[in-house]
Each structure stands twice: as C-alpha cells, then as structure tokens.
Amino acid sequence: MLLQYTLASTALIAALLPSAAKVTTPTNLRHAARPPAKAVATIFVSDKDASTIYLFRAGNAPKLLGTITSGISRPLGITVDASGTLYVPNSGNHSVTEYPAGSTSPSVTITAGLSLPQFATVDLAGNLWVSDDASSSGGNGYVLEYPPGATTPSQTLTNGILAPEGLATDAKGNLYVANRVAISGVPDVAIFPPGATTPSATFGAGVLSQPLGIALDKRGNIYVADFITSSGGSQIDVFSAKGSHKLLRSIQSNPFYLAAGGVAIDRNDRLYVGSGGLSSEYVLQFAHLGKSSPMVFYQSSDTLFGVAADPSAQP
C-alpha cells in the first residue's frame, strides 16, 4: 500500500478520504467473554484500493483462504477480538464493521462519532477502541471507546492526541496510541491507563517519525511501525514493556520493505507487516519477531495496509 505515501506525510490521510455514506446499524453481536472458536489460525489483510479483506491460513507458507467484501469500503487498520470477531475501520464510508468468526457479512456497522476511522483494537473487557484522524472535519484527531454491545461511544479521548493511528491494549488494560503527529510536535506513543482521559506517559519521541501500526508480543514488548523514518527508510521499532519503554532494537527496511503500516504478531512469534515495496505492495512475514529475513507471502499492486492475527494465532 504504502509506497505512494512516501512523498509526503500528509498524503497518507488525504488519499483515504472519499465522500461519506450512511450505513444502517443492525443488532450488535459483540461478546467480551466468548471463548475463541477452534478454527484455522488466520491472518487478515486489508486492501484499501480493492475494498477487500483477505484471509490467509497462518503458518510457514500462508495460504489464501477467502475474502470479505460485504460492507467493506477502503479498509484500514483491522483487528480481531477474543471471540474471533473481525473489526474493520472503513475510511470510505466512515464506519467500523464487525464480522463474527466465520462470517463474511457484517453483523454490526458503527457510524456514531466517526469521521475518518484509522485503526481499531479491543481490550480484554471487550471495549472497542477506534482512532479517528478527523481530517474530514478539519479538527484534531481523537480516540473513541465503544463498550461491549454499544454502537455509540461512551467516551472520546482527546488529551495528548493530535493525529492518532495505531492502537493496542495490554493485559493490564493500558491503551497505547500512536501519534503520527503529536501535540508536542514530536511523534510518539501515548499510554492511557484504564479509565484515564490523559496519558500517564509517552515514549518514542526522537525515535519515531511517522508511527502507524502497533502490536504487542507475549512479553508485552511494543512493536511500532515507523512508516517513514528521518533517513527516508522504514522500520519496526521495538520498545521495552517495562519502565520508560526504552528502544530495544529496530528492524530495518530492505528492498522489499519500504513503508511499514499495519503490524501483527501470531502465537508462534511471527511478525507480519503491511508494507510498500519498490514497485508494488507487500505483506511480509518475519519468523521469530523479525530476527530473520522476511518472506513475502502476498503481493499486490493495490494499497495494502492493515494486518491482524485471529485469536488462535495471538500471543
């Protein structure tokens, strides 16, 4: 996806904003405590240009299992919750659509509070969090919380947020928000403890240039996709789970990996990256969290972006 955005940071958002469309909202089927279904471990990939979600069997040689197109409109940073439900932020119609495990049609469509939804995550309590850039209304971005079963947000986080992108939550309920543009003017990741409306801390300032996707491994270490670094490349920056979240290492770009967007980690510690390449878009698979050379398991001329691992493939 992301090669076309390397010329300017603002092009990332501008390219994602078509005209708005209203969508009806059926009964919500989200369940916070439903156990994961015993199903094939799946990696999901969003294709913005084709308005399609691709499903791949996770493993050493990922295999295309099928697609989802119903209700999809220029999808971005997708996620999957503990019940196997897929959540798709749609930049094309300003909505988030929900797909229960095994379904290819949305059970729920959320539009309330949304202007330009970017990324989504679901915490252990079943709350859905959605980052919104709000560029269609000319305002600062924000992050919305939707409690289990709700299609109207219960709160809107604005403090310490300007242009939010990737979201992640940890086992303690902390919310991590990647600020592509931070209030301070320096991109960072803000941490919101449970119930907080102001970040308790930030990290990554001075390291990150344009942070997008976020994923946490089973140890709580934080993987942040840096779309375009100060040197013009791209990388995944890995921060410690503890203390001040110091930078542990950076997984550098290579000829196949030039513009990192969405990231995901499966239960076998494979790292997946949505990435722009020299002449097309890629989804890369790194064995063992980036400690080996990446394998391209899907390539397209379309704009690839979000990557998510289903519950049976989660850390």
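Among the listed residues G92, G126, identify the single one that is assigned to a loop (DSSP other than H, G, I, E, B), under 18 Å from the mean Cα position of the chain (by Cα) and on the phi > 0 side of the Ramachandran plot.
Numbers: G92 fails: on the phi > 0 side of the Ramachandran plot.
The conditions single out G126.
Working carefully through the options V283, V273, V181, find the one that is among the β-branched types (V, I, T), over 16 Å from the mean Cα position of the chain (by Cα) and modelled with pLDDT under 90. Lay out the reasoning, then the answer.
On the way: V283 fails: over 16 Å from the mean Cα position of the chain (by Cα); V273 fails: over 16 Å from the mean Cα position of the chain (by Cα).
Step by step, each of V283, V273, V181 is checked, and only V181 is among the β-branched types (V, I, T), over 16 Å from the mean Cα position of the chain (by Cα) and modelled with pLDDT under 90.
Residues T104, T67, T109: which one is in a loop (DSSP other than H, G, I, E, B), surrounded by fewer than 24 Cβ atoms within 10 Å (Cβ to Cβ) and not basic (K, R)? Break it down stepwise before answering.
Numbers: T67 fails: in a loop (DSSP other than H, G, I, E, B); T109 fails: in a loop (DSSP other than H, G, I, E, B).
Unique residue meeting the criteria: T104.
Restricting the search to segment 117-167, which residues are closer than 27 Å to S83 by Cβ and among the aliphatic types (A, V, I, L, M)?
Here is the first cut: in segment 117-167, the ones closer than 27 Å to S83 by Cβ are 117-132, 142-157, 164-167.
Across segment 117-167, the qualifying residues are A120, V122, L124, A125, L128, V130, V143, L144, A150, L157, L167.
Scanning segment 184-204 for residues that are assigned to a strand (DSSP E or B) and either of a type in the set (S, T, N, Q) or under 15 Å from the mean Cα position of the chain (by Cα) (or both) returns V189, T202. Evaluate segment 124-132: report whether one residue or more is buried (at least 22 other Cβ atoms within 10 Å of the Cβ), of a type in the set (D, E), within 25 Å of L216 (Cβ to Cβ) and in contact (Cβ under 8 Å) with a residue 60 or more places away in the chain. No, segment 124-132 contains no residue that is buried (at least 22 other Cβ atoms within 10 Å of the Cβ), of a type in the set (D, E), within 25 Å of L216 (Cβ to Cβ) and in contact (Cβ under 8 Å) with a residue 60 or more places away in the chain.
Given the criteria modelled with pLDDT under 90, over 20 Å from I78 (Cβ atoms) and β-branched (V, I, T), does I191 qualify?
Working: modelled with pLDDT under 90: no; over 20 Å from I78 (Cβ atoms): yes; β-branched (V, I, T): yes.
No; evaluated as a whole, the condition is false for this residue.
Select from segment 242-270 the residues that are assigned to a strand (DSSP E or B), surrounded by fewer than 20 Cβ atoms within 10 Å (Cβ to Cβ) and at pLDDT below 70 and list them in ascending order. Can you show your working first?
Taking segment 242-270 first, the residues assigned to a strand (DSSP E or B) are 247-252, 254, 257, 259-265.
Next, only the ones that are surrounded by fewer than 20 Cβ atoms within 10 Å (Cβ to Cβ) stay: 247-250, 252, 254.
Answer for segment 242-270, where residues must be assigned to a strand (DSSP E or B), surrounded by fewer than 20 Cβ atoms within 10 Å (Cβ to Cβ) and at pLDDT below 70: just N254.
Taking the condition of being at positive phi and in contact with a helix residue (DSSP H, G or I) (Cβ under 6 Å, 6 or more places away or on another chain), how many residues in segment 67-88 meet it? It would help to see each step written out before you state the result.
Residues of segment 67-88 at positive phi: 71, 74, 84.
In the following step, the residues that additionally are in contact with a helix residue (DSSP H, G or I) (Cβ under 6 Å, 6 or more places away or on another chain) were identified as 84.
The total comes to 1.
Going by the conditions given, is A163 small (G, A, S), in contact (Cβ under 8 Å) with a residue 40 or more places away in the chain and touching a Leu at 6+ places or on another chain (Cβ under 9 Å)? Full working, then the answer.
On the way: small (G, A, S): yes; in contact (Cβ under 8 Å) with a residue 40 or more places away in the chain: yes; touching a Leu at 6+ places or on another chain (Cβ under 9 Å): no.
Answer is no for this residue.
Just the residues that are among the β-branched types (V, I, T), assigned to a loop (DSSP other than H, G, I, E, B) and either at pLDDT below 95 or under 23 Å from D188 (Cα atoms) (or both), please, taken from segment 136-167.
Across segment 136-167, the qualifying residues are T158, I161.
The values are calculated or read from the model by the stated rules, or taken from the named source; none is laboratory data. Every value quoted in this text rests on a predicted model; they were computed, and no experiment measured them. Here the Cβ is made from the backbone with ideal geometry for all residues, glycine too, and neighbour counts use every protein chain on show.
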